[in-house]
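Novice: Below you will find the structure I want to go over with you.
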Amino acid sequence: MLNAEISQISGVGKYRERHFKRLGLHTAYDMLCYFPRSYEDRSTIKRICDLIDGETVCIKATACTVFKSRRVRRGLSYQKITVTDNTGVVFITWFNQDYLAKNFDLSAEYIYYGKIAVKNGRVEMNSPVIVKDNKIEPVYPLTSGLTQNIFRKVMENCIGYINQIPESLPARIREKYTLCAIDYAIDNIHFPKSFEKLTHARYRLAFEELFLLQLGLRMLKKRRTVLTAKALCNRANVEGFIKTLPFSLTRAQNRVIEEILSDMQNVRVMNRLVQGDVGSGKTIVAAIAMLVAADSGAQAAMMAPTEILAQQHYQSIRGYLEKMGVKISLLTGSMSPKQKLAVYDEIKNGQVQIVIGTHALLQSGVEFKNLCLVVTDEQHRFGVKQRSALAEKGNTPHLLVMTATPIPRTLSLILYGDLDVSIIDELPPGRKTIETYAVNESMRKRINKFMLRQLSEGRQIYIVCPLVEENEDLELKAATEYADHLQNNVLKGFSVGLIHGRMKAKDKDDIMRRFANGQINVLVSTTVIEVGVNVPNASLMIIENAERFGLSQLHQLRGRVGRGEWKSYCILFCEGGSDITRQRMKIMTETSDGFKIAEKDLELRGPGEFFGTRQHGLPELKVANLYSDMDLVKKSGQAANDLIMRDPMLENSENAVIKKKIEDMFAQTGLFGQN
Ligand code: ADP
Ligand code: MG
């Protein structure tokens, strides 16, 4: 039975059961859905004369020397033999395989699978496996207590149940996109009869995965959009407020504001993502949405990923809206319990209309009187789940998500498949481009001089080193040492501050505040300054080991300068001159369009790294790759749309398997558990 307990499967038993369970494998079906991490090709046999240094291959050969077995010392022996296939010879060595000597048949032809090393023209193979069954072998991700051989045996026993697996994709879709059947796919993902069959199996499974993912996201969106929200339609103060601004809004800002406000005046709940390059002016857009919420008798909350950012938003939004008679509060983790309680009170009794804060907003003590608009800034820092956690504090509030990470359209369809998208594709007029240079160590002295010149003109400088917190590679310049070095040498007489991810929020804030008010001239930091901070007097951004950063990240960092009236510069120090590095740096020096940069980054660096290690809160994919299987993303997206047109909430019995699979897929995300 497909649902047979794992301990019932021959080869597992009571003794090994716990190892399988540790991998999350409780039934035969779980086993069949646990896919190999890679494969060993023991199916193709290479001629010895064609062997290449470093490759792992199969050869088929007979012995041409006697079998030597020697004991070096207690616990260490080696076995040697030379074999040939008549195109060349290979010197084979094993360690501690004494039993081999006894059983080895010198006249027999064996297949050896192992790694080739060529030393002084001598072809060697160390500790090869003698292959009995020459085929493609799966390699599974395992924990201690299990070996590949045991695991494969058990898997072979499970494969017997394969015809009990229900087909999940409708025949119509399988035909249209030429996808193989589920049993064929599962069989061949585990024990591929050929690489071609493996490709077919993978294709189908990847398609299905992306199909289910997109269906799930579409359903989430449907489910939210059928919910009723409070219509927020009092725009009476909007025009007057816009007149008070020291600048006029860009066309793009006006368009996006209109999109947001017309969503909000509906009882259909808003789910909108605003994408806009650094500096495109997203804050004011959010402020206007919150003004309308407040004027419509509701509360609005805005969540930012860091304390610094929350504070800056608080200050600028208070600057904008307090004069409009709106009461605004700040709520962050570093506030004292007493301060927090006071804010909790104001929120609960409705004295405060707008709350700006960090994750602290998600705490259970926070209860709103009438939360109808939720804004999250820099969305890629939050998981999908946190976004909805804040929403749950209200009674189906309208949702506005803002991000500066320019995401290519295809990707945003997936990552934000449950949101409508508005794009601010225009910067305010008069923004000067930031002159960007990619340099190497030979320019160090000149750059140091340049720093001094900027400082003596009264400007401030950011110096960014790659993360201390995530990557402790010794070769990276530790930001700490570097700051000391600068302070004591090149930048003697100026004040150098240091900020990094391991510091307490309070200390970070303190440093940022001193940088913002000019007490600190040069700020050495890890990427913690990446998002949103605004110090208009800073005119120079120096990035060390720039090759370690994603281009989009570099672009965000660069966006910290050029915020004031001063001509601004970005210097990218980079080591090593691989072609890719050079191309990437060239893009940075030539382009200031965040979207173009993001697309190029995807193209050059491989998309896996696009979002770094950051969680986006979506289900994990086992076969498909969101970034490189772009074509598959599109096709499966079409198929998902098609299905949802026919059966919006998957209530048809023919779609029951799909529905169940989606629920399983989203189980860890918690997204389907709630409303
Ligand atoms: P981001 O989109 O990166 O969050 P901000 O909202 O922080 O950008 O805006 C960056 C700066 O541009 C702020 O100082 C803001 O006051 C200013 N700004 C916003 N909109 C305009 C505009 N239409 N014209 C001129 N300056 C603007
Ligand atoms: Mg911002």
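Novice: When you go through (1) more than 16 Å from ligand 2 (Cβ to nearest atom); (2) in contact with a helix residue (DSSP H, G or I) (Cβ under 7 Å, 6 or more places away or on another chain); (3) at pLDDT below 90; (4) among the polar types (S, T, N, Q) one by one for THR436, which number turns out not to apply?
Specialist: Of everything listed in (1) more than 16 Å from ligand 2 (Cβ to nearest atom); (2) in contact with a helix residue (DSSP H, G or I) (Cβ under 7 Å, 6 or more places away or on another chain); (3) at pLDDT below 90; (4) among the polar types (S, T, N, Q), THR436 misses just condition (3).
Novice: Which of the residues that make up the stretch 88-134 are surrounded by fewer than 11 Cβ atoms within 10 Å (Cβ to Cβ) and acidic (Asp, Glu)?
Specialist: ASP105, ASP133
Novice: In the stretch 426-437, what residues are within 29 Å of the chain's Cα centre (by Cα) and open to solvent by less than 50 Å² (accessible area, probe 1.4 Å)?
Specialist: ILE434, THR436
Novice: Continuing with this model, one more query. Kindly indicate whether any position in the stretch 44-59 is at pLDDT below 90 and either buried (at least 18 other Cβ atoms within 10 Å of the Cβ) or within 29 Å of ALA624 (Cα to Cα) (or both).
Specialist: The answer is yes; a qualifying residue exists.
Quick grid of which residues meet (1) of a type in the set (Ser, Thr, Tyr); (2) within 38 Å of the chain's Cα centre (by Cα); (3) assigned to a loop (DSSP other than H, G, I, E, B):
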position: SER107; (1), (2), (3): yes, no, yes
position: ILE111; (1), (2), (3): no, no, no
position: ASP133; (1), (2), (3): no, no, yes
position: GLU137; (1), (2), (3): no, yes, no
position: THR143; (1), (2), (3): yes, yes, yes
position: PHE151; (1), (2), (3): no, yes, no
position: MET155; (1), (2), (3): no, yes, no
position: ASN163; (1), (2), (3): no, yes, no
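Novice: Can you pull out every residue in the stretch 289-309 that is in contact with a Lys or Arg (Cβ under 7 Å, 6 or more places away or on another chain) and within 16 Å of ligand 1 (Cβ to nearest atom)?
Specialist: PRO305, ILE308
Novice: May I pose another question? Report, by residue number, each residue of the stretch 66-85 that is polar (S, T, N, Q), more than 19 Å from VAL118 (Cβ to Cβ) and modelled with pLDDT of 90 or more.
Specialist: SER77, GLN79
Novice: I've got another one for you. Give the residues of the stretch 511-525 that are outside any helix (DSSP H, G or I) and open to solvent by 60 Å² or more (accessible area, probe 1.4 Å), sorted by residue number.
Specialist: Correct list: ASN517, GLN519.
Novice: Something else: Might you check whether a residue that is farther than 25 Å from CYS372 by Cα, of a type outside the set (S, T, N, Q), over 30 Å from the mean Cα position of the chain (by Cα) and open to solvent by less than 50 Å² (accessible area, probe 1.4 Å) occurs anywhere in the stretch 207-216?
Specialist: no
Novice: While we're on this one: Out of the stretch 316-328, which residues are away from ligand 2 (no atom under 13 Å from the Cβ) and open to solvent by 10 Å² or more (accessible area, probe 1.4 Å)?
Specialist: Of everything in the stretch 316-328, those that are away from ligand 2 (no atom under 13 Å from the Cβ) and open to solvent by 10 Å² or more (accessible area, probe 1.4 Å) turn out to be ARG318, GLY319, TYR320, GLU322, LYS323, MET324, GLY325, LYS327.
Novice: Can you spot a residue in the stretch 340-355 that is open to solvent by 10 Å² or more (accessible area, probe 1.4 Å), farther than 29 Å from ARG560 by Cα and under 28 Å from the mean Cα position of the chain (by Cα)?
Specialist: No, the stretch 340-355 has no match at all.
Novice: Kindly indicate whether VAL657 is modelled with pLDDT of 75 or more and in contact with a helix residue (DSSP H, G or I) (Cβ under 8 Å, 6 or more places away or on another chain). It would help to see each step written out before you state the result.
Specialist: Details: modelled with pLDDT of 75 or more: yes; in contact with a helix residue (DSSP H, G or I) (Cβ under 8 Å, 6 or more places away or on another chain): no.
Here the answer is no, as VAL657 does not meet what is asked.
Novice: Among the residues of the stretch 58-81, is there at least one that is out of contact with any strand residue (DSSP E or B) (no Cβ under 8 Å at 6 or more places or on another chain) and of a type in the set (S, T, N, Q)?
Specialist: No, every residue in the stretch 58-81 fails to be out of contact with any strand residue (DSSP E or B) (no Cβ under 8 Å at 6 or more places or on another chain) and of a type in the set (S, T, N, Q).
Novice: Right, next: Which of the residues belonging to the stretch 261-279 are modelled with pLDDT of 90 or more and within 16 Å of ligand 1 (Cβ to nearest atom)?
Specialist: Of everything in the stretch 261-279, those that are modelled with pLDDT of 90 or more and within 16 Å of ligand 1 (Cβ to nearest atom) turn out to be ARG272, VAL274.
Novice: Continuing with the same structure: Do we have ARG251 as modelled with pLDDT under 95 and farther than 30 Å from SER43 by Cβ here?
Specialist: Taking the combined requirement at face value, the residue does not satisfy it.
Novice: Filter the stretch 253-273 for residues that are within 15 Å of ligand 2 (Cβ to nearest atom) and under 24 Å from MET324 (Cα atoms); which is surrounded by the fewest Cβ atoms within 10 Å (Cβ to Cβ)?
Specialist: Residue satisfying both the conditions and the ranking: GLN253.
Novice: While we're on this one: Every residue in the stretch 233-243 that is surrounded by 10 or more Cβ atoms within 10 Å (Cβ to Cβ) and not in a loop (DSSP other than H, G, I, E, B), please. Steps first, answer last, please.
Specialist: Just the residues of the stretch 233-243 that are surrounded by 10 or more Cβ atoms within 10 Å (Cβ to Cβ), to begin with: 233-238, 241-242.
Residues satisfying the conditions are VAL238, PHE241, ILE242.
Novice: I'm told ALA286 meets every condition in (1) more than 9 Å from ligand 1 (Cβ to nearest atom); (2) in contact (Cβ under 8 Å) with a residue 40 or more places away in the chain; (3) within 19 Å of GLY394 (Cα to Cα) except one. Can you identify the failing condition by its number?
Specialist: (1)
Novice: Return a yes/no flag: does the stretch 241-253 have any residue that is touching a Ser or Thr at 6+ places or on another chain (Cβ under 8 Å) and more than 16 Å from ligand 1 (Cβ to nearest atom).
Specialist: no
Novice: Would you pick out the residues in the stretch 134-163 that are in contact with a strand residue (DSSP E or B) (Cβ under 9 Å, 6 or more places away or on another chain) and of a type in the set (Asp, Glu)?
Specialist: Of everything in the stretch 134-163, just one residue is in contact with a strand residue (DSSP E or B) (Cβ under 9 Å, 6 or more places away or on another chain) and of a type in the set (Asp, Glu), namely GLU137.
Novice: Restricting to the stretch 395-406, and then to whatever is within 18 Å of SER296 (Cα to Cα) and at pLDDT 85 or above, can you tell me which residue is farthest from ligand 1 (Cβ to nearest atom)? Step through it out loud before you land on a result.
Specialist: Initial filter on the stretch 395-406 (within 18 Å of SER296 (Cα to Cα)): 395-400.
Still in the running and at pLDDT 85 or above: 396-400.
Details: THR396: 27, PRO397: 21, HIS398: 20, LEU399: 18, LEU400: 13 Å.
Going through the qualifying residues, I end up with THR396.
Novice: Out of the strands (runs of 3 or more DSSP E) lying entirely within the stretch 1-77, which hold 2 or more residues that are touching a residue at least 40 places away in the same chain (Cβ under 8 Å)?
Specialist: Working: elements: 38-41, 56-63, 68-73.
Output list reads 38-41, 56-63.
Novice: For ASP85, are the conditions met, namely being open to solvent by less than 60 Å² (accessible area, probe 1.4 Å), of a type in the set (Asp, Glu), farther than 22 Å from GLY160 by Cα and touching a Lys or Arg at 6+ places or on another chain (Cβ under 9 Å)?
Specialist: Yes.
Novice: Hey, ARG204 hits all of (1) at pLDDT below 95; (2) in contact with a helix residue (DSSP H, G or I) (Cβ under 8 Å, 6 or more places away or on another chain) but one; which does it fall short on?
Specialist: ARG204 satisfies every listed condition except (1).
The values are calculated or read from the model by the stated rules, or taken from the named source; none is laboratory data. The structure presented is a predicted model; accordingly, all values stated were derived computationally and were not measured. We place every Cβ from the backbone using ideal geometry, glycine too, and count neighbours over all the protein chains shown. Remember, those area values only see protein heavy atoms, side chains included, never the ligands or the DNA or RNA. Shrake-Rupley method; radii C 1.70, N 1.55, O 1.52, S 1.80 Å.
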